[in-house]
1. Let me know the Kirkwood hydrodynamic radius for the stretch 83-122, please, with Cα pairs as the basis and the value in Å to one decimal.
2. Of 90/169; 37/90; 92/169; 77/169, which sit over 19 Å apart, Cα to Cα?
3. Between rounded, prolate and oblate, where does the stretch 31-84 land on the alpha carbon gyration tensor, with a ≥ b ≥ c its root eigenvalues, rounded for a/c under 1.5, else prolate if a/b exceeds b/c?
4. For the stretch 64-182, what is the convex hull volume of its Cα atoms per residue in Å³?
5. Taking all protein chains as present, what is the carbon and sulfur share of the accessible area of the stretch 56-125, in % to the nearest whole number, probe 1.4 Å?
6. Let me know the Rg and Dmax you get for the stretch 60-104 when you use only its Cα atoms, in Å.
Amino acid sequence: MMLGRRGAALFFLAFFFVLAGPVWALEGETVRVTVDKRSREASFARKEDGGFCLLFYSGACWYSLTFGREAGDLLQKAAQNYALQFEKRKLKRGKPSSLRAYGSLPVSLAWGPSAQSLDREAPSEAEVGYFFDNNSPYFSVLVQNAKNTRKQDTPALQESGQVLVLFTKSQLQGLLDAIFAR
C-alpha cells in the first residue's frame, strides 16, 4: 500500500497515538509551511495538554517539532509583533541570512529517515522571529543543530540539521488558527 508523504505523515501520527496512548488529539490537519525554499504541507496535531506538533520533510530527513502549551501563547505574541511591524513597514533588514528574533521557545525535536521512524530526539530551543529571503519577509522558527539523546546502535544521523521553518503571513495565520481552534 503506497501512502505518499502526506499519508505517511498521518500514518506516523496515528501509529504514535497507538503507542503513546491518548496523548494526541489526532485530527489529521495540515498547515502550509516553507522549508527548503518550497511551500509544503506539514502535518499538525494538537496535544491534549494544549501543546502541538508539526511533522514535515526537509532535506534527507523527516522532522517533528513538539511544543508545549505555553509555546502557543508565546508564538501568538511573536506573530502579533511581526504583523504589527509588517503593517507599519518597521521590519529591519540585516545581512541576507540574518534572523531577527522575538524570543525562544522550548521544543522537543525528533528526526529520522522516514515519518515512521523518527528514532532520534533531543530537547532544544526554537528561536522565533523573522527572516528576509529575496527581499521578502517571513515569520520564522529556527531550531539549531541538536545532538541525539536517545541511545542508538548506528552512528548515522546522530546530530540533526539546522531546521528553519518559514511562514508567509497567510501560512502563519493558518498555523495560529490550527493551534487555537477549539
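1. About 13.7 Å, per the Kirkwood formula over Cα pairs.
2. 37/90
3. oblate
4. So the per-residue Cα hull volume is 123 Å³.
5. 50 percent
6. Final numbers for Rg and Dmax: 13.6, 38 Å.
The values are calculated or read from the model by the stated rules, or taken from the named source; none is laboratory data. Bear in mind that the values here come from a model prediction, so they are computed numbers and not experimental data. Just the protein is used for accessible areas: all its heavy atoms, side chains included, with ligands, DNA and RNA removed. Shrake-Rupley method; radii C 1.70, N 1.55, O 1.52, S 1.80 Å.
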